[in-house]
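The next block holds one structure in the form of structure tokens; read it before the comments.
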Amino acid sequence: ARGPLIDVAYNYLPYVDAGVFIVSADPPLSESEHQFLKDIRGYVDKLFFALNKIDQVSDEDRQESLEFTAQILEKVLGVGCVKIFPLSARWALEAKQGGNGAQLERSLLPDFERRLQEFLIHEKGRVFLKSVVNNLLKLISDETVSFQLEQEAVKLPLQELTAKIDRFEQEMKTVSKDREHNGYLLSGHLKTITSGLDEAIGAFKRDSLPVLHQELDNEYGRLVRRGAGNLRSELEEFMFEMIRDRFTGWRQHLTETISAQLEEAHGWFATRTNETIERIHALTSDIFELKLKPFTSVEMLSKKSDFYFLFKDDPVGLELVQLAATSALPGFLARKMVLRKMQENVSELVDRHCGRVRYDLLKRLAETVRDFQKALNEKVDTTLDGIRISFQKALALNQSSKVDVEKNLSELSMKLGSMANVRNELLSMGAALQEDQDTKPARS
């Protein structure tokens, strides 16, 4: 059966950027390693295979081991899917500690690190660049809107400009109320997730306690029939493992469920944020009779985002408290007391650790929601700040000479032309990155 650490490895695979599968030059792969490879075939495109301990074999044996290992891996993963990097971790460690560059190269670790780094730069770099392009497009869009607005506003008579600014601020009061309302609705999403968590914990207790008690009874009977010399410690160890196994799978499933609900809540709030920014631009266009082309894309919460990993990370361990030793009693009474005490502790431990899981998940859920709500609200505030700065510049220029106004309009036209060129380049870059993502070239 798979242990908790193996389960963690399996569950985490979909979210890693790259995985390193290490085998030794001697001995060959074990049966459990064979099974693991079969189960993870779907992720072979981001797996790196390292043949360690080449310092323990001759060059001839190393080559033979490489060929043999490659044959085994290709039987499971497919021909052409495997590239193995031979290396010596011991040589590399000794070289780094002693500052021996020649020995470090001999260990072949630098070559492996370079290839792994190149892969990560390509995979993560694409995601990073796409995010940078979108953020730059948003920045260019906000600046373009501000320049266009300033260009038109400075042409207006002071009285008309002041009236339009007043009208804009009145409209923003409605927008502000809508943003506040969206915050309340987001709080409602959080309460729904919390309610679902409480229901899941209640169901886990109801379903698990009878099963755990029965398994403990069965193990007690087995140990008594066997004549266990240390009944209490053996039964206690069984209880700890039984509860730990039960919690590990359930907590993983629970975290996955809440993570999905969290992503849905983020998507909802991101959509509302986009709509708010679009409405601000639409109102500005209407009031000042402009034709704006804003870029309002707010990225969704991806499974590889900081928010996701903040939530996925699970530091709470199952620290089970040892039981106090039973007092000296006749054998059959002591055994019955041990069993009764164990049954009580099963209920107590399940309840205690359900409470810890609930506290931990709710704490990080609240932190995550607060963080992405703040980040998305800042995008709206940035849009509003740019527009209001344009108003201030237009009001100041309205008091300037005609020469200064014309000079400013000429500079704005040049800036808008440059902005348009940058925007087109960014759009082309974004399209290229999207095409690269869609084709997903295989790693050679």
Would it be correct to say that LEU190 is within 29 Å of ILE287 (Cβ to Cβ) and aliphatic (A, V, I, L, M)?
-> no
Within segment 256-292, can you find the residues that are β-branched (Val, Ile, Thr), in contact (Cβ under 8 Å) with a residue 60 or more places away in the chain and farther than 30 Å from ASN345 by Cα?
-> THR273, THR276, ILE277, ILE280, THR284, ILE287
Working carefully through the options ARG222, ARG244, find the one that is over 36 Å from the mean Cα position of the chain (by Cα), assigned by TED's automatic domain parsing to the domain that holds LYS341 and more than 30 Å from GLU143 (Cα to Cα).
-> ARG222
Any idea which of LYS155, LYS130 is of a type in the set (D, E, K, R), closer than 30 Å to SER285 by Cβ and not assigned by TED's automatic domain parsing to the domain that holds PHE391?
-> LYS130
Of the residues that make up segment 298-307, is at least one at pLDDT below 80, outside any helix (DSSP H, G or I), surrounded by fewer than 18 Cβ atoms within 10 Å (Cβ to Cβ) and in contact with a Leu (Cβ under 9 Å, 6 or more places away or on another chain)?
-> no
Could you please give the count of residues in segment 200-214 that are surrounded by 13 or more Cβ atoms within 10 Å (Cβ to Cβ) and more than 14 Å from LEU349 (Cα to Cα)?
-> 1
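State whether the residues of segment 235-255 include one that is touching a residue at least 12 places away in the same chain (Cβ under 8 Å) and exposed (fewer than 15 other Cβ atoms within 10 Å of the Cβ). Can you show your working first?
First, the residues of segment 235-255 that are touching a residue at least 12 places away in the same chain (Cβ under 8 Å): 235-236, 238-240, 242-252, 254-255.
Going one step further and asking which of them are exposed (fewer than 15 other Cβ atoms within 10 Å of the Cβ), we end up with 249.
There is at least one residue in segment 235-255 that is touching a residue at least 12 places away in the same chain (Cβ under 8 Å) and exposed (fewer than 15 other Cβ atoms within 10 Å of the Cβ).
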Please indicate, with yes or no, whether at least one residue in segment 382-403 is surrounded by fewer than 17 Cβ atoms within 10 Å (Cβ to Cβ), within 34 Å of the chain's Cα centre (by Cα) and assigned to a helix (DSSP H, G or I).
-> yes
When segment 388-408 is examined, which residues are found to be within 12 Å of GLN151 (Cα to Cα) and in contact (Cβ under 8 Å) with a residue 40 or more places away in the chain?
-> SER390, PHE391, LYS393, ALA394, LEU395, LEU397, ASN398, VAL405, ASN408
For segment 210-229, enumerate the residues that are within 21 Å of ASP245 (Cα to Cα) and charged (D, E, K, R).
-> GLU215, ASP217, GLU219, ARG222
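Looking at SER176, is it surrounded by 12 or more Cβ atoms within 10 Å (Cβ to Cβ) and not basic (Lys, Arg)? Walk me through it before giving the result.
Values: surrounded by 12 or more Cβ atoms within 10 Å (Cβ to Cβ): yes; not basic (Lys, Arg): yes.
Taking the combined requirement at face value, the residue satisfies it.
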Among the residues of segment 194-216, which ones are in contact (Cβ under 8 Å) with a residue 24 or more places away in the chain and among the small types (Gly, Ala, Ser)?
-> GLY196, ALA200, SER208
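The values are calculated or read from the model by the stated rules, or taken from the named source; none is laboratory data. Fair warning: this is a prediction, and the values are worked out from it, not measured in the lab. Please note: Cβ atoms are built from the backbone with ideal geometry, for glycine as well, and neighbour counts cover all protein chains shown.
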